[in-house]
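J.: Have a look at this one before I ask anything.
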Amino acid sequence: QVQLVESGGGLVQPGGSLRLSCAASGFGFSAYAMNWYRQASGKERELVGTINAYGTTNVVDSVKGRFTISRDNTKNTVYLQMSSLKPEDTAVYYCYVRRWNIDYWGQGTQVTVSS
């Protein structure tokens with residue numbers, strides 16, 4: 001079955017960096033667009049960015065220039081490289097894929113940006 005497992009979250013100071021990973025299994029990873037979402041406490045889940053099957057990426061304006069999405073199809077893994085982190089980036093970060101009209105989410109990884 002489809003599984004998405006995020007890792008790499010933690011506590012980081014403002015201005016710091018983190019790299020999140022999402023290990024995927026149970027489907028043809030290389031053929032699918034992969035997405036990162038985040039949900040801050042008390043707020044709705046929001047899209048952070050997407051990487052399609054060809055490696056083309058898009059991120060939302062609030063993280064543009066600071067966050068980068070990449071993928072390694074040999075490892076069935078998608079990454080979210082985050083730099084110049086701000087307190088407002090604090091959230092649970094989720095990996096997401098839509099396959100055959102079914103939504104699949106990882107369990108999430110907490111990112112806390114605080115001094």
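Readers should treat all values here as calculations from the given coordinates under stated rules, not as data from a laboratory. Everything quoted here is computed from the prediction, not taken from an experiment. So basically every Cβ, Gly included, is an ideal-geometry build from the backbone, and we count neighbours across all protein chains shown.
J.: Output yes when any residue across the range 100-112 is part of a loop (DSSP other than H, G, I, E, B), small (G, A, S) and in contact (Cβ under 8 Å) with a residue 60 or more places away in the chain, and no when none is.
T.: Quick first cut of the range 100-112, residues part of a loop (DSSP other than H, G, I, E, B) only: 100-101, 106-108.
Then keep just the ones that are small (G, A, S); that gives 106, 108.
Now restrict to residues that are in contact (Cβ under 8 Å) with a residue 60 or more places away in the chain: 106, 108.
Taking every residue of the range 100-112 in turn, at least one turns out to be part of a loop (DSSP other than H, G, I, E, B), small (G, A, S) and in contact (Cβ under 8 Å) with a residue 60 or more places away in the chain.
J.: Can S62 be described as among the hydroxyl-bearing types (S, T, Y) and loosely packed, with under 15 Cβ neighbours inside 10 Å? Please lay out each step first, then the result.
T.: Values: among the hydroxyl-bearing types (S, T, Y): yes; loosely packed, with under 15 Cβ neighbours inside 10 Å: yes.
Here the answer is yes, as S62 does meet what is asked.
J.: Working only within the range 63-92, note down all residues that are outside any strand (DSSP E or B), under 16 Å from V111 (Cα atoms) and among the polar types (S, T, N, Q). Spell out the reasoning first.
T.: Step one: list which residues in the range 63-92 are outside any strand (DSSP E or B), which gives 63-66, 73-76, 83-90.
Add one more test, that the residue is under 16 Å from V111 (Cα atoms), and what stays is 63, 66, 83-90.
Of everything in the range 63-92, those that are outside any strand (DSSP E or B), under 16 Å from V111 (Cα atoms) and among the polar types (S, T, N, Q) turn out to be S83, S84, T90.
J.: Looking only at the range 6-41, count how many residues are outside any strand (DSSP E or B) and not aliphatic (A, V, I, L, M). Break it down into steps so the answer makes sense when it comes.
T.: The initial filter retains those residues of the range 6-41 that are outside any strand (DSSP E or B), namely 8-9, 13-17, 26-33, 40-41.
Among the residues that remain, those that are also not aliphatic (A, V, I, L, M) are: 8-9, 13-17, 26-30, 32, 41.
Count: 14.
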